[in-house]
Amino acid sequence: MTGKSSVHVERLVWRGGMTRSAREVAVEAAVAFVYDGGAEAVMMATPADLHDFAVGFSLNEGVIASADDIVELGVVEVARGIELRMTLRQGDRERVMARRRLRAGPAGCGLCGIESIGAALRPLPRVQAGVSVGVDEIIHAMRSMRGQQTLNARTHAVHAAGFYRPDAGLVAIREDVGRHNALDKLAGALARTGEKASGGAVLLTSRVSVELVQKTAVMGASVLAAVSAPTALALEEAEAAGITVVGIVRDDGLEVFTHPERVLTQEGARAR
């Protein structure tokens, strides 16, 4: 199961007549995050780039402060799923145990181990100045990412998160059936290679919800661009965190919702 992101299935196709053929579909599996023997969360995810997923999820959920806080990481197939078994440094282990004792019950996707509204909408770190990006750069970066979504090209069923750096172009992309998972995998990929998210922009193939803004803020990226629109709460949180949100990115344009000073027009002027 691990590393297998798609399978072929038989299907009937109606296109003016009925035919039988095979289609490639995305794999979805239960992935458990296990810290020092205790399960913290279970996510439905594409079972690929799992080391990135383990690190990125742990960082974005505040379980660890850096990738080095995970002393050991094993990917283990179990009945009907996969366990990401992590051994943490002593201080992180104690924090996870305290968090587990406080948790009243299972939590939903994206807000694992959260039991109050205050914890779900915790104050976000304010991002630093970050980078400036041109309108054409954002459009070109999103177009480039479409060309690198190899799993989605085969299955038409997964989201992607990418990282664009003005001096290097699209430097990383991760795909998953879950948009939160794709961003966690991207965060892990950057952390494992020492790439600073503050040096570029995060790109998404989904709508911008508040959890994605929260993860972007934890990553330290100052620009978040997506093909779809943001929610009102996402914009409220992005404004407070200092994040530039760009939405509805199409080949013919885009829309800037918060902190427009980082977006440069074709003439080089800053958006207002």
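The values are calculated or read from the model by the stated rules, or taken from the named source; none is laboratory data. The model shown is predicted, which means the values in this text are computed figures rather than measured ones. Note that each Cβ is placed from the backbone with ideal geometry, even for glycine, and that neighbours are counted across all protein chains shown.
Screening the range 146-174 for residues that are closer than 17 Å to VAL245 by Cβ and of a type in the set (A, V, I, L, M, F, W, C) and picking the one that is surrounded by the most Cβ atoms within 10 Å (Cβ to Cβ) gives ALA161.
Which one is nearest to the chain's Cα centre (by Cα) among residues in the range 144-181 that are under 23 Å from HIS8 (Cβ atoms) and assigned to a helix (DSSP H, G or I)? So, considering only residues that are under 23 Å from HIS8 (Cβ atoms) and assigned to a helix (DSSP H, G or I), the one nearest to the chain's Cα centre (by Cα) is ASN181. Of the conditions (1) closer than 30 Å to ALA67 by Cα; (2) outside any loop (DSSP other than H, G, I, E, B), VAL249 satisfies every one except a single condition; which number is it? Evaluating VAL249 over (1) closer than 30 Å to ALA67 by Cα; (2) outside any loop (DSSP other than H, G, I, E, B) leaves (1) as the failure.
Is it true that ARG101 is at pLDDT below 90, of a type in the set (Lys, Arg) and either surrounded by 19 or more Cβ atoms within 10 Å (Cβ to Cβ) or closer than 20 Å to GLY220 by Cβ (or both)?
On the way: at pLDDT below 90: yes; of a type in the set (Lys, Arg): yes; either surrounded by 19 or more Cβ atoms within 10 Å (Cβ to Cβ) or closer than 20 Å to GLY220 by Cβ (or both): no.
Judged against the criteria, ARG101 is not a match.
Within the range 21-42, the set of residues being of a type in the set (S, T, N, Q) and under 21 Å from the mean Cα position of the chain (by Cα) is empty. Consider only pairs whose beta carbons are under 6 Å apart and that are at least six residues apart or on different chains; among these, list those whose first residue lies in the range 12-27 and is surrounded by 10 or more Cβ atoms within 10 Å (Cβ to Cβ) and whose second residue is modelled with pLDDT under 90 and not basic (Lys, Arg). Between residues of the range 12-27 that are surrounded by 10 or more Cβ atoms within 10 Å (Cβ to Cβ) and residues that are modelled with pLDDT under 90 and not basic (Lys, Arg), the close pairs are THR19/VAL13.
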